[in-house]
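In what follows, a structure is listed as structure tokens, so that the remarks can point back to it.
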Amino acid sequence: TRDGGPGPFRGLASGEVGSYGFYKTLAEGGGESGSANYRISMSHVAADGYRQHTAFWSDNIYGKLRWTPTPRVDVRQVLAWTDHFEQNAEGLNRLQVQQDPRQPNSDAIPKNEFYKVGRFTGGLTGRFGIAPGQALNLTGFFRTWKYLEPRPPEIIRRQFLTPGLTLQYDLDSDAGAIHNHLSVGGDVQWQSIDELRFENPGGAQQGALQSNQNIMQHAE
């Protein structure tokens, strides 16, 4: 993600159009004031698609903040949010392509197949000079998203939650002509996945529950 500036504020707005109903709008702004630098952007994109049942749209927001109050402190934060929808026409065999390459698979419309994803990500990195030749580095992130996919013969719903943290200590020293660098740190990360599966009798209408499961993962 780009930095903002120069100056307290600078903005940009743009639009694009194309074939098969494609269009995109974008607005962004950012700047720099004292020890703070920021930038935020928002966009919307959509299209009908070349094939039947391949329409899509997506909304995105990205933001970045950088704070450097002294030469020994550098903190950066990044935020991102995405909401995305895309119809799924599925694949075709060679004969179907020869007949009509724009047609959907026979199940795509009756089952109303599509992907729907909503995702938020937040991250923070910082480097802190605690003494000459010594620095502490910190990285943390948090990500969560929801996923929905109707398909034959089921509807899948998933929710992900993924946080993580990294801490690292760096030491640089000189012993005559020899330069020494020591780095010690650790990482921790975990993830949970909640998944539900339902019958899809048609039209992406939620039917009977087929499964309910939770997956937990972690690393250190």
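Net charge near P104: determine it from the other residues with C-beta under 14 Å of the C-beta of P104, scoring Lys and Arg +1 and Asp and Glu -1. That works out to -2.
Taking only protein heavy atoms into account and a 1.4 Å probe, give the accessible area per residue of the chain in Å².
Numbers: 13410 Å² over 220 residues.
Accessible area per residue: 61 Å².
Largest accessible area first, the residues D174, D194 order themselves as D174, D194 under a 1.4 Å probe with ligands, DNA and RNA left out.
The portion of the accessible surface of region 1-127 made up by carbon and sulfur, rounded to a whole percent, is 57 (1.4 Å probe; DNA, RNA and ligands excluded). Taking 0.36 nm per residue of sequence separation and removing the Cα-Cα distance, the L196/F160 pair yields an extension gain of 11.7 nm. Compared with the direct C-alpha span, the chain from L138 to S35 gains 35.1 nm at full extension, assuming 0.36 nm per residue.
If you add up the charges near W81, with Lys and Arg at +1 and Asp and Glu at -1, over every other residue whose beta carbon is less than 10 angstrom from its beta carbon, what do you get?
Taking every other residue near W81 into account, the sum is -1.
A compact globular protein would have a Cα radius of gyration near 2.2 N^0.38 Å; the ratio found for the chain is 1.41.
With the convex hull constructed from alpha-carbon coordinates only, region 76-179 shows a mean projected area of 12.2 nm² over all directions. Only protein heavy atoms count here; on that basis, with a 1.4 Å probe, R76 has an accessible area of about 80 Å². Dipole check for region 16-169: with +1 at the C-beta of Lys and Arg, -1 at the C-beta of Asp and Glu, and the Cα centre as origin, the magnitude is about 540 Debye. Counting only aspartates and glutamates at least 8 places from K24 when in the same chain, those with an alpha carbon closer than 12 Å to its own are E16, D59. Converting phi to 3J(HN,Hα) with the Karplus coefficients 6.51, -1.76 and 1.60 and the offset θ = phi - 60°, region 187-203 yields 10, 9, 8, 9, 8, 10, 10, 9, 10, 10, 10, 10, 5, 10, x, x, x Hz in sequence order, with x at every glycine or proline.
The values are calculated or read from the model by the stated rules, or taken from the named source; none is laboratory data. Small disclaimer: the values here were computed from a predicted structure and weren't measured. No Cβ is skipped: glycine too gets one built from the backbone with ideal geometry, and neighbour counts run over all protein chains shown. All accessible areas refer to the heavy atoms of the entire protein, side chains included, with ligands and DNA or RNA removed. Shrake-Rupley method; radii C 1.70, N 1.55, O 1.52, S 1.80 Å.
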